[in-house]
1. With Cβ to Cβ distances under 9 Å as the rule, what net charge do the other residues near residue 228 carry (K, R +1; D, E -1)?
2. Where the centre of each part is set by its Cα atoms, how far does the stretch 43-59 sit from the stretch 338-403, in angstrom?
3. Lysines within cross-link reach of residue 179: Cα-Cα under 18 Å, excluding same-chain residues under 8 positions apart?
4. Any idea what the dipole of the chain comes to, in debye rounded to 20, about its Cα centre with Lys/Arg Cβ at +1 and Asp/Glu Cβ at -1?
5. Loop sites only, by DSSP: take the GluC sites (Glu not before Pro) in the chain that have at most 11 other C-beta atoms within 10 Å and name the longest stretch containing none of them.
6. At a threshold of 8 angstrom on Cα-Cα distance, excluding pairs fewer than six apart, so keeping six or more, what relative contact order does the stretch 6-94 reach in percent?
7. Got the relative contact order for the stretch 71-133 handy, in percent, Cα pairs under 8 Å and 6 or more residues apart?
8. So for the stretch 63-177, taking the charge dipole from beta-carbon charges (+1 Lys/Arg, -1 Asp/Glu), which of 133, 91, 153 sits furthest toward the positive end?
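Here, each number is a calculation from the coordinates, and none is a lab measurement. From a predicted model like this one, the values you see are computed outputs, not experimental measurements. Using ideal geometry, Cβ is built from the backbone for each residue, glycine included, and neighbour counts are taken over all protein chains shown.
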Amino acid sequence: MSKSTPLEQAHAGAARLREDIRRFCAETLPAELRRKAGRHQVLAKADYLQWLRLLQRQGWLVGHWPRDCGGAGWSALERFAFEDELARQGCPWVLPFGVKYVGPVIYTYGTEAQKDRFLPAIVSSEEFWAQGYSEPGAGSDLAALRTEARREGEHYVVTGQKVWTTYAQWADWMFCLVKTSRGPRPQDGISFLLIDMRSPGITVKPIRTMDGYHHVNEVWLDEVRVPVANLVGEEGEGWSHAKFLLRNERTAGAIVGMARHVLRRLERLAADTPSPEGGRLIDEPSMRQRLGEFELRFLALEAAAYQAMEAVMNGAESGAEAALIKVRGTELYQDIAEALVDALGPAGIAYDTAALHDAGLPPLGPDDAGGIVKEHLYNRAATIFGGSSEVQRNILARAVLGL
Ligand SMILES: Cc1cc2nc3c(=O)[nH]c(=O)nc-3n(C[C@H](O)[C@H](O)[C@H](O)COP(=O)(O)OP(=O)(O)OC[C@H]3O[C@@H](n4cnc5c(N)ncnc54)[C@H](O)[C@@H]3O)c2cc1C
């Protein structure tokens, strides 16, 4: 009998993980959490903590971490299967700030003391993290950031402003890029600091997004004292850690599963909705054409994602794979989300955040109508955060076309 190759083993491991996730969703996921996620409600901090701890109990939350750091040492394919399958099943967002973003930076570049101090509380979700990268004038051009940290004895004194900081209002800690010196290149003198959000001098101001909710914030830092012990890696070398983190940010498994989830919802909604012409919406030629195009785009996206994962496993990635999946995935997701709102008809016009949150007002149309509109509105940002589509196309042009 021939022995299976590592790639075949990884595919088999990923298939088993998908089965386990489907069983978990059917049998273990608490009904209330499933209902909220199914209606696309905005979850409270307590919901997210419950969700992350449930995943940890399954042994999945840090499955992508190496075994000697407490993870399961998943392959790229298993990691993809985890993110993709949860999203296909319509599960809540696996908040990435601790487990996916800063955790790997700490176990890769941090001191032993930092690992002991921070990693257990990330794994147990006892401490909530936010990402302090973007600033006014420093989003796509991140190296242009201006928040300054000057050294005073055993502290850095940090002054500046971060913006679009997701869930900073809940965060205990923020990992933050700061300038500790200036050099000829904008990337010079950037350092990676871990900042306690209870420190004096921090002000968090809400930004309300067009879905009517408070997901993102401005974070103002005014002479905030941060122990030097909270510097990760070498002073002035933070740009390489920042890029390491961004590579993890752009493993885009979830967007494939999210696209599939909303596509199936669109098919069901179109099948249940009467057409103004008589019959069902799904039988209208324009809807059939739209669904057919979405299905083809989804299949191409899924195939590209598998090719990308296999390239990662074979050490043959070009660096452009994540950019391709990000652009294609988020743009497909947005187009399907828009078609869902169209299919809602009048129920897609009346958007009511109170009805979405059970304030005694039933939504117009199906139970998830408010959530469908909320997702459409919020995810206009999906082609901006994590690297805008234009910037991803620049990456593709350089890597694939050599421009
Ligand atoms: C909902 C949401 C949540 C976010 N959460 C976080 C968070 O938690 N932490 C965090 O640090 N940041 C967060 N961000 C910020 C996000 O990373 C930035 O918005 C993103 O990097 C774009 O930067 P910008 O907003 O400054 O836009 P800009 O960089 O100013 O871009 C403006 C426009 O110019 C285009 N553009 C810019 N440069 C180029 C170029 N070289 N070539 C072609 N076109 C270009 C862009 O594509 C865009 O259309 C979040 C953003 C949003 C919307």
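1. With Lys, Arg at +1 and Asp, Glu at -1, the neighbours total -1.
2. Each part reduced to its Cα centre gives a spacing of 24 Å.
3. 162, 243
4. Once rounded to the nearest 20, the dipole reads 260 debye.
5. The answer is 1-153.
6. Computed over the stretch 6-94, the figure is 39 percent.
7. That works out to 29 percent.
8. 133
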